[in-house]
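Undergrad: Below is one structure. I have some questions about it.
The values are calculated or read from the model by the stated rules, or taken from the named source; none is laboratory data. All values derive from a computational prediction rather than experimental measurement. Cβ placement follows ideal geometry from the backbone for every residue including glycine, while neighbour counts extend to all protein chains displayed. Each accessible area value is taken on the protein alone, full model and side chains, heavy atoms only, with ligands, DNA and RNA left out. Shrake-Rupley method; radii C 1.70, N 1.55, O 1.52, S 1.80 Å.
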Amino acid sequence: MCAGAREAAREKADGHPCHAPPPSSSCGGETERRGGAPRTPASEASSQPRISLRAASHEPPSEIRISAPAYHRSGNEAACSGAARQGGRREEEGEEEEEMVHGTLEVLLVEAKGLENTDYLCNMDPYAVLKCRSQEQRSSIASGKGSNPEWNENFVFTVSDKATELLIKLLDSDTGSADDFVGEATIPLEAVYTEGSIPPTLYNVVKDEHYCGEIKVGLTFTPEDVRQRGLPEDFGGWKQSR
């Protein structure tokens, strides 16, 4: 074989697959066989799970407020509710007015007995001051009657059953000085509202919580007509101040 033929046969042998260079053992070659991109240290780091270095917060969770849905009443509902309340209030006031007793109280001041004489040189000159709530009236002076004065006088008060008692103060009229306090009697009125009349009865006169005589008083209560209501309790009788 000539040199030219040998050279052609060598070139043909070099192009045969059996004579292909062996595959590379590098990472790049392995990646090429798998069809992926070459694996680098950066890509390996990105494939690792990320760990957050931020410190955990110890602050308590913010308060969660849950508001109930607002219920808005219509104008008609509010008006009806207000009217119902006012109607109930009027009914209660009407019942109180119906239950309350109004009328006139007539007081008969008869006499007093066994009073302590505040004048040591002569007989005292006693008189009485009658008070029922805001109304006040005064008797005449029993001049020189001393410890056993007599008056037989009538007094009229306009009252309701809110007035629970009648207070009678006895004093000695003095000239040129203040009148001396002799004693007082408190008369309950509940019985006269139900009975209508109590005959002259003796009531204790006290001074500094000590007994110092008696006073005789009669009571009469007359209920008034409903049409006459509305008058103040101080209507009627007379009030005299010293």
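Undergrad: Separation between the residue 190 and residue 202 pseudo-spin-labels, each 7 Å from Cα along Cα→Cβ, expressed in nm?
TA: If labels sit at residue 190 and residue 202, their model points lie 2.5 nm apart.
Undergrad: Using a 1.4 angstrom probe on the protein heavy atoms only, could you order 189, 108, 202 from most to least accessible area? Please list the in-between numbers first.
TA: Details: 189 0, 108 55, 202 80 Å².
Putting 189, 108, 202 in descending order of accessible area: 202, 108, 189.
Undergrad: What figure, in Å² to the nearest 10, do you get for the accessible area of residue 122 with a 1.4 Å probe and non-protein molecules left out?
TA: 80
Undergrad: Calculated FRET efficiency, residue 164 and residue 210, Cβ-Cβ r, R0 25 Å, to nearest 0.05?
TA: That pair, residue 164 with residue 210, gives E of 0.55.
Undergrad: Three principal axis extents, largest first, for the C-alpha atoms of the stretch 116-171, in Å?
TA: 44, 18, 14
Undergrad: If one puts a single equal scatterer on every Cα of the stretch 91-204 and applies the Debye formula without solvent, what log₁₀ I(q)/I(0) results at q = 0.11, 0.12, 0.15 Å⁻¹?
TA: Per q value, in the given order, log10 I(q)/I(0) is -0.42, -0.49, -0.69.
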